[in-house]
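Undergrad: Take a look at this one; I'll ask things after.
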Amino acid sequence: MLKVAYFPGCSLSSTAKEYDISTRLVCEDLEIDLVEIPDWICCGATTAHITSELTAAALPAKSLVWAEKQGLNITSPCSACFSRLKMAHLHIEKDPKLKKEVEEVIGEKYNGKTEVMHLTRILIEQYGIENIKAKIKKELKGLKIACYYGCLMTRPAEVCVNDRVENPMLMDNLVKALGAEPVKWYYKTECCGAGFSLTKTEIARKLSGDILKEAKDCGADLVMVACPLCHSNLDARQPEIAKLIKTELNIPVLYFTQVLGLALGYNSMDLMLNKHFINPKPLLKAKGIL
Amino acid sequence: MKYELQLKNIAEGFRKDVENLSQQKISNCYQCGKCSAGCPVAYAMDYPPSMIMRMVQLGMHDQVMSSNTSWYCVSCETCTTRCPREIDIAKVMDTLKIMAQAGSYKLSENEIPIFDWIFLKSIELTGKIYELGLIGAYNLLSLHPLKDIYPMGLKMIIKGKINFIPHLFYNPSELIKNIRMFKLIRKKDRERIYEKNA
Ligand code: SF4
Ligand code: SF4
């Protein structure tokens, strides 16, 4: 049985509850044991690394040290948290002075034994596509999905293990295995402007608008994401964006765990599909999936 | 935006400061322009990333520090991933922001530092981000009290996506430990900037 330390992150306990719930549900179904880190603290997000290198390394280090003590690898479904945990590890390893300072402020030793993996890798790579295939209850026939990776789960190159930085295929392979059709499109790693969602909103709207338009033009029925920040830009801001660019978008945005959950036979209540701004139910009903 | 190179614009040691703090060899940049070509926000910047790199090489500290470039960097890491000289440009952008906030330069941007201050306070006091408090305090302090309240904020509340009560530490001793850690970090940060700028 696969056992891994679970770092949900702040978004997953509020704006992205459905991502947390669907993650836990799917992992339970696949018998992957997620051990939530007790009293975990925020990874610091972009804010920490643009204000202080030490804050950016120390906040994630606390969780890394906990996981290390339990002898577990660590995962987060949120691309931003994943990136902060991974980058903190890489920076601490590279810079002995930073390591010393981190150990001093958190008051614990850092050995760097724990590997940080995004949830997509745990499910698709470690658990394995073949094993997932064996569990499928309902094939997602006829659904065209644009897999959107965004920035932080693939960049910089050091965090992108076993995949191509400029054209990642991990989620596309999953979609294919579930019986749906991954759309070929060119914006899968473009930035949605997540860090500016609340401060420089006009930039976030423009970047997210370009992504949504491209997905639509390439014939996608829905966009699949693996990050709560991408999701809130593409879904919750979609009505504003559609108005701004004067185009009818109406393209549902689902988490990859929700898409996987549908194939494992869960219904819209289990997966909290009603939490999305753009309602995916009409589409899924039309395709005979719900 | 164009820049003009004049002797009086050049600050000896600026390049060294940036290189030391970011631990990146900026003098390695050979101006291929890949970073600017891939940057999603280059269109809104005073100078695109490659131009900033050149200006740092030349030591044009006033123009670099007063430009909006680093504040418009969204940390997407595209430049870092593609640079043929293996310069972590995104980290250089972070460094420029950290230097600007360390007080020796006039800030060309106010809203992001306000946001960051509230964000970090929230982590210090609760261990996590308390969105409602974050958005409320940010809107008030940045003087856009109603931003994102309607329709997005309201709909988020209706859909149960916003918590009204902040998350708290289960264990009060963790709170004390956390506050102590932040205090120590601030002290170390001051030493770090001082030592590298000295
Ligand atoms: S990609 Fe690297 S070498 Fe090319 S201009 Fe940018 S910083 Fe310089
Ligand atoms: S990290 Fe910043 S500078 Fe680099 S490409 Fe992204 S937005 Fe532009």
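The values are calculated or read from the model by the stated rules, or taken from the named source; none is laboratory data. The structure displayed is predicted, hence computed values, not measured ones. FYI the Cβ positions are ideal-geometry reconstructions off the backbone, even for glycines, and counts take in every protein chain you see. Accessible surface is based on the protein model in full, side chains and every heavy atom, while ligands, DNA and RNA are left aside. Shrake-Rupley method; radii C 1.70, N 1.55, O 1.52, S 1.80 Å.
Undergrad: To one decimal place, what Kirkwood hydrodynamic radius in Å is obtained for the range B:111-197 from all pairs of distinct Cα atoms?
TA: 14.9 Å
Undergrad: Accessible area per residue, 1.4 Å probe, Å², for chain B: what's the number? Write out the running numbers ahead of the final one.
TA: Working: 10160 Å² over 198 residues.
For chain B, the solvent-accessible area averages 51 Å² per residue.
Undergrad: Keeping every protein chain present and rolling a 1.4 Å probe, give me the accessible area per residue for chain A in Å².
TA: Numbers: 10260 Å² over 290 residues.
I get 35 Å² per residue for chain A.
Undergrad: For chain B, just the Cα atoms, rotate onto the principal axes and tell me the three extents in Å, largest first.
TA: Per principal axis, max minus min of the Cα coordinates gives 55, 39, 31 Å.
Undergrad: Something else about it: Within a Cβ distance under 10 Å of A:Pro60, other residues only, what is the Lys/Arg minus Asp/Glu net charge?
TA: Working: positive: A:Lys62, A:Arg84, A:Lys86; negative: none.
Residues near A:Pro60 contribute +3 overall.
Undergrad: Could you work out [θ]222 nm for chain B from helices alone, using -39500 (n - 2.57) per DSSP H run of at least four and dividing by all its residues? Round to the nearest 500 deg cm²/dmol.
TA: Numbers: 11 runs with 108 residues, N = 198.
Helix contribution divided over all residues of chain B: -16000 deg cm²/dmol.
Undergrad: So how many Å³ per residue does the convex hull of the Cα atoms of the protein assembly as shown work out to?
TA: Details: hull volume 67.9 nm³, N = 488.
Dividing the Cα hull volume of the protein assembly as shown by its residues yields 139 Å³.
Undergrad: Okay, moving on. In peptide B:158-167, how many Cβ atoms from other protein chains are near each Cβ within 10 Å, on average?
TA: Details: counts 0, 9, 6, 10, 2, 5, 0, 0, 0, 5.
Per-residue shielding by partner chains comes out at 4.
Undergrad: Using only the heavy atoms of the protein chains and a 1.4 Å probe, how would A:Leu85, B:Leu58 rank by accessible area, largest first?
TA: Greatest to least solvent exposure: B:Leu58, A:Leu85.
Undergrad: With a cut-off of 14 Å, note down the residues of the range A:227-270 whose backbone N falls inside the zone around a label point 7 Å from the Cα of A:Lys138 toward its beta carbon.
TA: Backbone N within reach: A:258-270.
Undergrad: Right, another one. Report the relative contact order of chain A, percent, no decimals, based on alpha-carbon pairs under 8 angstrom and at least 6 residues apart.
TA: 19 percent
Undergrad: Rounded to the nearest Å, what's the spacing between the alpha carbon centres of the range A:102-153 and the range B:27-56? Just the number, please.
TA: A separation of 33 Å, based on Cα centres.
Undergrad: Using alpha carbon centroids, what distance separates the range B:100-166 and the range A:37-99, in Å?
TA: The range B:100-166 and the range A:37-99 have Cα centres separated by 22 Å.
Undergrad: Still on this structure: Using only the alpha carbons, work out the radius of gyration and Dmax of the range B:7-101 in angstrom.
TA: Radius of gyration, then largest Cα-Cα span, for the range B:7-101: 11.9, 35 Å.
Undergrad: A further question follows. If you rank B:Glu12, A:Glu101, A:Glu130, A:Glu158 by how much accessible surface each has, with a 1.4 Å probe, what is the order from largest down? If you can, show how the numbers build up before the last one.
TA: Numbers: B:Glu12 175, A:Glu101 20, A:Glu130 125, A:Glu158 95 Å².
Solvent-accessible surface, decreasing: B:Glu12, A:Glu130, A:Glu158, A:Glu101.
Undergrad: Next up: Round to a whole number: what % of the accessible area of the range B:7-101 belongs to carbon and sulfur, probe 1.4 Å?
TA: Carbon with sulfur: 47 percent of the solvent-accessible area.
Undergrad: Report the A-B buried area as the accessible area lost on both sides summed, probe 1.4 Å, in Å² to the nearest 100.
TA: Working: alone 13040 and 12910 Å², together 20420 Å².
In total, this chain pair buries about 5500 Å².
Undergrad: For the range B:13-65, which trypsin sites (Lys or Arg not before Pro) are both in a DSSP coil and crowded by at most 15 other Cβ atoms within 10 Å? Write down the numbers at each step before the final one.
TA: Working: sites: B:Arg15, B:Lys16, B:Lys25, B:Lys34, B:Arg54; in loops: B:Lys25.
Sites meeting the loop and neighbour criteria: B:Lys25.
Undergrad: Mind listing which trypsin sites (Lys or Arg not before Pro) in the range A:199-290 are in a DSSP loop and have 13 or fewer other Cβ atoms within 10 Å? Could you put the intermediate results ahead of the total?
TA: Working: sites: A:Lys200, A:Arg205, A:Lys206, A:Lys213, A:Lys216, A:Arg237, A:Lys243, A:Lys246, A:Lys275, A:Lys285, A:Lys287; in loops: A:Lys200, A:Arg237, A:Lys246, A:Lys287.
Of the trypsin sites (Lys or Arg not before Pro), the ones in loops of the range A:199-290 whose Cβ has at most 13 other Cβ atoms within 10 Å are A:Lys246.
Undergrad: Using Cα atoms only, what is the angle between the long axis of helix B:89-99 and the major principal axis of chain B, expressed in degrees (0 to 90) to the nearest 10?
TA: Approximately 70 degrees, to the nearest ten.
Undergrad: How many nm separate the modelled label positions at B:Tyr170 and B:Cys32, each set 7 Å beyond the Cα in the direction of the Cβ?
TA: 5.0 nm
Undergrad: Counting only other chains, and only Cβ atoms inside 10 Å, what mean value do you get across the residues of A:4-14?
TA: Details: counts 0, 0, 0, 0, 0, 2, 11, 3, 0, 5, 11.
Taking the mean over all residues of the peptide, I get 3.
Undergrad: Sticking with this structure for a sec: I'd like the orientation of helix A:79-94 relative to chain A: the angle between its Cα long axis and the longest Cα principal axis, in ° from 0 to 90, rounded to 10.
TA: Orientation of helix A:79-94: about 30 degrees from the principal axis.
Undergrad: On full extension of the chain, what length is gained from B:His144 through B:Leu5, given 0.36 nm per residue of separation minus the C-alpha to C-alpha distance? Walk me through the numbers on the way to the answer.
TA: On the way: separation 139, 0.36 × 139 = 50.04 nm, distance 3.85 nm.
Taking 0.36 nm per residue and subtracting the Cα distance, the gain is 46.2 nm.
Undergrad: Ordered by residue, what ³J(HN,Hα) values in Hz, to whole numbers, does the range A:135-147 give under the Karplus form 6.51 cos²θ - 1.76 cosθ + 1.60, where θ = phi - 60° and Gly and Pro are x?
TA: 9, 5, 9, 9, 6, 8, 4, x, 9, 9, 10, 8, 7
Undergrad: Further question: Sequence neighbours fewer than 8 away in the same chain don't count; with that in mind, list the lysines whose C-alpha is under 19 Å from A:Lys275.
TA: The reachable lysines, counting only those whose Cα sits under 19 Å from A:Lys275, are A:Lys17, A:Lys285, B:Lys155, B:Lys159, B:Lys161.
Undergrad: Starting from the residue with the highest accessible area, list B:Ile149, A:Ile41 in decreasing order, probe 1.4 Å.
TA: Details: B:Ile149 80, A:Ile41 5 Å².
Listed by decreasing accessible area, they come as B:Ile149, A:Ile41.
Undergrad: Could you tell me the accessible area of B:Thr81 in Å² (1.4 Å probe, neighbours in place), rounded to the nearest ten?
TA: Approximately 30 Å² for this residue.
Undergrad: What nm value, rounded to one decimal, do you get for the distance between A:Glu108 and A:Glu93 when each label is placed 7 Å out toward the C-beta?
TA: So the label points at A:Glu108 and A:Glu93 sit 1.9 nm apart.
Undergrad: Got the relative contact order for the range A:137-286 handy, in percent, Cα pairs under 8 Å and 6 or more residues apart? Write down the numbers at each step before the final one.
TA: Details: 222 pairs, mean separation 38.3, N = 150.
26 percent.
Undergrad: Where the Cα atoms of chain A are projected onto their three principal axes, how long is each span, largest first, in whole Å?
TA: Per principal axis, max minus min of the Cα coordinates gives 57, 44, 32 Å.
Undergrad: Just which residues of the range A:202-226 lose 50 Å² or more accessible area with every protein chain there, against their chain alone, with the probe set to 1.4 Å?
TA: A:Ile203
Undergrad: Note the count of lysine pairs whose C-alpha atoms are less than 18 angstrom apart in the range A:96-168, limited to pairs 8 or more residues apart or on different chains. It would help to have the intermediate numbers written out before the result.
TA: Details: A:Lys97/A:Lys109; A:Lys99/A:Lys109; A:Lys99/A:Lys113; A:Lys100/A:Lys109; A:Lys100/A:Lys113; A:Lys133/A:Lys141.
Total qualifying Lys-Lys pairs in the range A:96-168 comes to 6.
Undergrad: What residue among A:Lys17, A:Lys86, A:Lys97 has the largest mean-square fluctuation in a Gaussian network model of chain A, using Cα springs under 10 Å?
TA: The residue that fluctuates most here is A:Lys97.
Undergrad: Within the range A:137-286, what whole-number % of the accessible surface is contributed by carbon and sulfur, with the 1.4 Å probe and all protein chains included in the calculation?
TA: Details: 2840 of 5480 Å².
Ligands and nucleic acids excluded, carbon and sulfur give 52 percent.
Undergrad: Now for a different question. May I ask you to find the residues of the range B:54-75 that are shielded by at least 30 Å² of accessible area once the whole protein assembly is considered instead of their isolated chain (probe 1.4 Å)?
TA: B:Tyr72, B:Val74, B:Ser75
Undergrad: Excluding the sites themselves, what is the longest stretch of chain B that contains no chymotrypsin sites (Phe, Trp or Tyr not before Pro) in a DSSP loop with at most 15 other C-beta atoms within 10 Å?
TA: Numbers: sites that count: B:Tyr30, B:Tyr105, B:Phe164, B:Tyr170.
Formally, the longest exposed-site-free interval is B:31-104.
Undergrad: From the backbone phi of the range B:46-61, what are the Karplus-calculated ³J(HN,Hα) couplings (6.51 cos²θ - 1.76 cosθ + 1.60, θ = phi - 60°) in whole Hz, Gly and Pro given as x?
TA: Running phi through 6.51 cos²θ - 1.76 cosθ + 1.60 with θ = phi - 60° gives 4, 10, x, x, 5, 5, 4, 4, 5, 5, 5, 4, 7, x, 8, 5 Hz.
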